[in-house]
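Have a look at the structure below, then the notes.
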Amino acid sequence: MLAELIDVLSREKFAEVDERQSESFLSILVRKASVVAPKRSFVAVPEDPDDDAVLNAAFEGRASYVVTGDRHLLDLGRFKGIRIVTVKETLELL
């Protein structure tokens, strides 16, 4: 999942985020995040198994939120009590 995040941060829609900012964010994330290996495998998004991997990790890690721009995930709204929100919604919550 970290490799996918690195890929996403390099996309055009994040062009205003420079490499130094991305590296700083990833460094903080790696230090603060809990790495989990999901023991269960729920299928919530049959169209995109990668999205299921995100949800399974969030469930295993007892996450309160999944922050995403992915339409499949956002359309769910919630998964097993985990709120699925945009970055904008996250900033409003903070």
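The values are calculated or read from the model by the stated rules, or taken from the named source; none is laboratory data. Since the model is a prediction, treat every value here as computed from it, not as a measurement. For neighbour counting, all protein chains shown are included, and Cβ atoms are generated from backbone atoms with ideal geometry for every residue, glycine included.
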Task: Members of segment 68-82 found to be crowded, with 16+ Cβ neighbours inside 10 Å, modelled with pLDDT of 95 or more and in contact with a Ser or Thr (Cβ under 8 Å, 6 or more places away or on another chain), listed by number - done: 82
- [ ] For residues that are assigned to a helix (DSSP H, G or I) and of a type in the set (D, E, K, R), scanning just segment 45-67, find the one that is modelled with the lowest pLDDT.
- [x] 50
Task: Subset tally (residues that are free of Cβ contacts under 8 Å to residues at least 24 places away in the same chain, surrounded by 19 or more Cβ atoms within 10 Å (Cβ to Cβ) and touching a helix residue (DSSP H, G or I) at 6+ places or on another chain (Cβ under 7 Å)) for segment 43-65 - done: 1
Open item on the list: Can you tell me how many residues within segment 11-42 are of a type in the set (A, V, I, L, M), surrounded by fewer than 10 Cβ atoms within 10 Å (Cβ to Cβ) and either modelled with pLDDT under 90 or under 25 Å from residue 75 (Cβ atoms) (or both)?
Closed with: 2
- [ ] Can you run down the residue pairs with Cβ atoms below 6 Å, 6 or more apart or on separate chains, where the first is in segment 1-26 and within 22 Å of residue 66 (Cβ to Cβ) and without any contact (Cβ under 8 Å) to a residue 24 or more places away in the chain and the partner is among the hydroxyl-bearing types (Ser, Thr, Tyr) and part of a helix (DSSP H, G or I)?
- [x] 9/22
TODO: Look at segment 66-80 and say how many of its residues are free of Cβ contacts under 8 Å to residues at least 12 places away in the same chain and under 19 Å from residue 9 (Cβ atoms).
DONE: 1
